[in-house]
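Structure first, commentary second.
Just so it is clear, none of the values below were taken in a lab; they were calculated from the coordinates. A quick note: this is a predicted structure, and the numbers were derived from the prediction, not measured. Because the Cβ atoms are built from the backbone with ideal geometry, glycine has one as well, and the counts that use them run over all protein chains shown.
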Amino acid sequence: MIDGGHEQVSYFSDTETGLRAIVAVHDTTLGPGLGGTRILDYDTEERALEDVLRLSKAMTYKAAAADLDLGGGKAVIVGDPDEITDEALFEAYGRAVDCLAGRYITSVDVNSGVDDMDVVARTTDHVVGTSDGLGDPSPITAHGVFHGIRACLEAVYGTETVADREIVVQGLGKVGRTLAADLAARGADVAVSDVDEAAVAAFADEHDAETVPPEAVYDRDCDVFAPCAVGGVVNDETVDRLECDIVAGAANNVLAERRHATALRERGILYAPGYVINAGGLITVAAEHFGGAREDAYEDAAAIGDRLLGLIERADERGTTVLEAADAYAEERLEGAESTTLAQP
């Protein structure tokens with residue numbers, strides 16, 4: 001906690017339902033920590049703790065860089081997602097969140113959805129992403145990534161149009177599929193890749209798109225590589241294989257390590273930091289928290305493009321990576337705000 005600057009880490013257990021959860025609140029300088037609940041069957045408790053610490057810190061930077069008055073938090077429920085379906089467990093989890101008295105606000109994340117948040121809402125008010133709220137944030141996340149890609153094209157090629165640009169989308173989950181469809185509809189030459197062969201085939205048939213085998217996706221010559229699946233895909237093995245000018249996608253933690261941002265820059269590849277370009281989901285649940293409308297979230301997500309262009313310019317001026325420029329901007333916001341750490345709920 002001290003090394004990462006975390007304010008609070010809470011473990012929760014409920015013997016009746018089998019709930020095992022960890023909630024990490026990283027920083028509440030700008031507001032309550034908001035972040036989703038991830039459900040995974042971690043190999044060890046240590047892995048679960050490492051994940052929630054890392055993710056909650058990333059949420060602090062994501063909120064700060066997106067100019068939101070929110071802090072960073074995250075939760076993990078440990079167990080097999082296919083087996084964690086009992087409503088009583090999610091009600092127990094809601095009581096756990098509620099006892100944090102508003103310092104943490106939860107929402108959807110990997111393997112948790114709107115229906116789950118509806119159950120959590122029975123036992124706490126500190127939840128967003130419910131069916132009574134603004135709904136599934138995935139389309140708005142994709143909308144923000146689309147505008148982020150346009151900003152990167154503007155920076156590299158001098159024009160933001162996606163028409164006739166070759167863009168490889170890795171991952172056809174809810175965000176990746178929507179992004180790929182939007183790009184194709186606007187004239188981009190889209191190629192898609194996913195471990196789910198059926199999803200790839202269905203998308204290719206519907207949008208007349210090319211397909212790329214998962215093992216060959218890093219070698220595909222293109223203008224933009226858009227990772228929208230798992231993190232860590234830019235690593236020691238893949239960084240020199242990339243045949244693109246831009247890496248910009250919806251995946252969290254695209255880089256295996258921060259030094260890979262420098263490696264991309266040295267190769268002349270522009271990297272859009274994931275926590276900047278994929279902030280549309282957070283923007284959506286923030287709008288719900290603050291009483292905004294879905295249209296407001298779409299508008300704010302579109303502004304990700306302008307924000308990213310500003311960070312690219314700042315990086316060029318300072319001779320740094322865009323990741324370093326984004327971190328610096330987020331830290332300036334945190335340092336300039338009056339801390340509410342451990343203050344009232």
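For the chain, give the magnitude of the charge dipole about the Cα centre (Cβ charges: +1 Lys/Arg, -1 Asp/Glu; no others), in debye to the nearest 20. Provide the component values of the computation, followed by the final result.
Working: 26 positive and 66 negative charges, 167 e Å.
Charge dipole of the chain: 800 debye, to the nearest 20.
So which trypsin sites (Lys or Arg not before Pro) in the stretch 164-256 are both in a DSSP loop and have at most 14 other Cβ atoms within 10 Å of their Cβ? Intermediate results must be reported in sequence, preceding the final value.
Details: sites: ARG165, LYS174, ARG177, ARG186, ARG220, ARG241; in loops: ARG165, ARG186, ARG220, ARG241.
Passing both the DSSP loop test and the Cβ count: ARG186, ARG241.
Determine the dipole magnitude for the stretch 56-122: charges of +1 sit on the beta-carbon of Lys and Arg, -1 on that of Asp and Glu, nothing else is charged, the reference point is the Cα centre, and the result goes in debye to the nearest 20. Each step should come with its number before you reach the end.
Values: 6 positive and 13 negative charges, 110 e Å.
In total the dipole reaches around 540 debye.
Of all DSSP beta bridges in the chain, what percent run antiparallel (nearest 5)? Before the final figure, lay out each step's value.
Values: 14 of 42 bridges.
Given both bridge residues lie in the chain, the antiparallel proportion sits at roughly 35 percent.
In whole Hz and in residue order, list the ³J(HN,Hα) couplings for the stretch 264-273 that follow from phi through the Karplus curve 6.51 cos²θ - 1.76 cosθ + 1.60, θ = phi - 60°; x for Gly and Pro.
Each residue's phi maps through the Karplus curve to give 5, 4, 5, 8, x, 9, 7, 10, 8, x Hz.
Extending each Cα 7 Å along its Cβ direction at ASP240 and THR211, get the distance between those two points in nm, one decimal.
3.2 nm
If the only charges are +1 at each Lys and Arg Cβ and -1 at each Asp and Glu Cβ, what is the size of the charge dipole of the stretch 61-175 around the Cα centre, to the nearest 20 debye? Intermediate results must be reported in sequence, preceding the final value.
Working: 8 positive and 20 negative charges, 97 e Å.
Once rounded to the nearest 20, the dipole reads 460 debye.
Whole-Hz Karplus ³J(HN,Hα) for the stretch 174-190, in order, using 6.51 cos²θ - 1.76 cosθ + 1.60 and θ = phi - 60°, x for Gly and Pro?
Per residue, the Karplus-derived 3J(HN,Hα) values read 4, 6, x, 5, 5, 4, 4, 5, 5, 5, 5, 5, 9, x, 6, 8, 9 Hz.
Considering only DSSP states other than H, G, I, E and B, which GluC sites (Glu not before Pro) in the stretch 105-193 qualify as loop sites with at most 15 other Cβ atoms within 10 Å? Could you put the intermediate results ahead of the total?
Values: sites: GLU154, GLU160, GLU166; in loops: GLU160.
Of the GluC sites (Glu not before Pro), the ones in loops of the stretch 105-193 whose Cβ has at most 15 other Cβ atoms within 10 Å are GLU160.
Give the order of ASP69, ASP80 when sorted by the count of other beta carbons within 10 angstrom, beginning with the fewest. Display every interim value, and only then the final one.
Numbers: ASP69 15, ASP80 11.
Listed from fewest to most nearby Cβ atoms, that is ASP80, ASP69.
Using Cα centres only, tell me the gap between the stretch 225-248 and the stretch 13-52 in whole Å.
28 Å
Have a look at GLY113, GLY102, SER138 and report the one farthest towards the positive end of the charge dipole of the stretch 82-138, computed about the Cα centre with Cβ charges (Lys/Arg +1, Asp/Glu -1).
So the residue we want is GLY102.
Taking amide H positions as placed 1.01 Å from N in the peptide plane, with prolines and chain starts having none, which residues 5 or more places from TYR271, or on another chain, fall under 5 Å of its amide H?
For TYR271, whose amide H was placed from the backbone, the distant partners under 5 Å are VAL247, VAL322.
Output wanted: per-residue J couplings in Hz (rounded whole) for the stretch 81-97, from phi through Karplus 6.51 cos²θ - 1.76 cosθ + 1.60, θ = phi - 60°, x for Gly and Pro.
Couplings: x, 5, 9, 8, 10, 5, 4, 4, 5, 5, 5, 5, 5, x, 5, 5, 4 Hz.
Roughly how many nanometres apart are two label points built 7 Å out from the Cα toward the Cβ at GLU83 and ASP136?
Calculated label separation equals 2.8 nm.
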